[in-house]
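The values are calculated or read from the model by the stated rules, or taken from the named source; none is laboratory data. Here the structure is a predicted model, which is why all the values come from computation and not from measurement. Neighbour counts run over all protein chains shown; Cβ positions are idealised from the backbone, glycine included.
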Amino acid sequence: MTFLISSVRRQLIGGFVAVCLVFIVALLVGWSSIGSVNGKVQSGAKELPTLEQATGHARDMVASELGAILDPTTISNHEGDVQTFEQTVQALSAYATTPAGKAAISKLNDALATWQGLDNQALGLAKARKTAAATKLATGAANTAADGLTTAVQNASQAISDANTSAAASSASSSKSLMLVIALVALLIAVAITFVLARDLSRRIQQLLHGINDLQERDLAAIGEGLDALARGDLTVNAEAHTEPIASNRADELGQLTQTFNAMVEGSRLRIDAYNGTRAKVAAMLRDISSSSEQLALASQQMANTSEEAGRAVGEIAQAVSSVAAGAEDQVRSIAEAKILTDEVAMASQASAAGAQQTADAAAQARNLAEEGAQAVSQAT
């Protein structure tokens, strides 16, 4: 088996790729956020009038006031400088998004309104050809208001700059927090993938281990107990299969292990069926042998009874033979005596036979003589 199960390895690689993608997305989002903030800051820095520009416009506006007082024909130029400064204030107001920036712009507008009021009075005196009074007002109260206006411009510019710096820092912090959150999410995804894979792998392995233990402790043990009982002549022990196959549609190493386990389960069931079949056949054979033994015992009993009766008959025959033997001895003696008598009769018969032969010979000779006499008589006649 390889170091890692192929399916688990593929899933781990897929999880690693997913985590890497999440990290890449986090980096892209973070860089995009930081780039967006930097772009806004840079764009704002380009569009936002600098402190030098704002104070320069204020100085030009104040300086052109004295020129307009001394030469009323330049009032239009002065009004252009005032309009330029008002545009500068509006530009600063557009970037005053924080409470401090808005407060600074409000003070700047108040200072501008105060100076414009004094400027309008001075220009009115200049138009009335009261140049001395207009000059005194411009260099006095109006100049003081101009100093306050310059200070307000500096404060507003500083407040807006601080606000932009704070916003950039806050956005960077938010981007960092977002990156940390995304990284944490990626870590959680990796942990979740690892947990799911580990739980699935552990569940499969535990299922296989439980099945193997069940196969060994129940099915194979049942076969062993049945064979031991069969060896002792006990045919009453029945073996049963308890372990069930494990369903699996995996094509990896775990799937191969599951298929091997299922083959073992099927093999144990075949062995159990073979044992039960053998036990049934042996039991049937023994029943047949027992039945034949009973029939043999019955026949033996019948033969024993017949032998007993034959024994009694043989006894009776022996007794009869004994009686016959005793009679036979008497007959032998009688026969011996009869033989002696017979021999005597035979000898007498032989003697009689010899006499009879002689008589026969004499008769033959007499017959021959008679025939010859007859022939002689016949010839004589």
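One table, with the values for the structure above:
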{"quantity": "Residue list for the stretch 199-219, filter: among the small types (Gly, Ala, Ser) and under 11 Å from Leu257 (Cβ atoms)", "calculated": "Gly211"}
{"quantity": "Test: residue in the stretch 71-79 that is in contact with a Gly (Cβ under 6 Å, 6 or more places away or on another chain), hydroxyl-bearing (Ser, Thr, Tyr) and at pLDDT below 85", "calculated": "yes"}
{"quantity": "Residues satisfying the stated conditions in the stretch 97-108, i.e. surrounded by 15 or more Cβ atoms within 10 Å (Cβ to Cβ) and of a type in the set (S, T, N, Q)", "calculated": "Thr98"}
{"quantity": "Pairs where the first residue, in the stretch 58-79, is farther than 18 Å from Asn143 by Cα and the second is assigned to a helix (DSSP H, G or I) and basic (Lys, Arg), C-beta under 7 Å, 6+ apart", "calculated": "Pro72/Lys127"}
{"quantity": "Among the residues listed as Leu235, Leu230, Leu220, the single one being in contact with a helix residue (DSSP H, G or I) (Cβ under 8 Å, 6 or more places away or on another chain), farther than 22 Å from Ser202 by Cβ and not in a helix (DSSP H, G or I)", "calculated": "Leu235"}
{"quantity": "Tabulated pairs, the stretch 86-102, first touching a residue at least 12 places away in the same chain (Cβ under 8 Å), second of a type in the set (Lys, Arg) and outside any loop (DSSP other than H, G, I, E, B), C-beta under 9 angstrom, 6+ apart or interchain", "calculated": "Ser93/Lys102; Ala96/Lys102"}
{"quantity": "The lone exception for Glu266 - which of (1) over 23 Å from Leu220 (Cβ atoms); (2) at pLDDT 70 or above it fails", "calculated": "(1)"}
{"quantity": "Conditions (1) β-branched (Val, Ile, Thr); (2) at pLDDT 85 or above; (3) surrounded by 16 or more Cβ atoms within 10 Å (Cβ to Cβ): number failed by Thr151", "calculated": "(3)"}
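One line per residue, one yes/no per condition, for (1) within 20 Å of Glu52 (Cα to Cα); (2) out of contact with any strand residue (DSSP E or B) (no Cβ under 6 Å at 6 or more places or on another chain); (3) surrounded by 18 or more Cβ atoms within 10 Å (Cβ to Cβ):
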| residue | (1), (2), (3) |
| --- | --- |
| Ala68 | no, yes, yes |
| Glu79 | no, yes, no |
| Tyr95 | yes, yes, yes |
| Leu112 | yes, yes, yes |
| Leu123 | no, yes, yes |
| Ala133 | no, yes, no |
| Asp147 | yes, yes, no |
| Asn155 | yes, yes, yes |
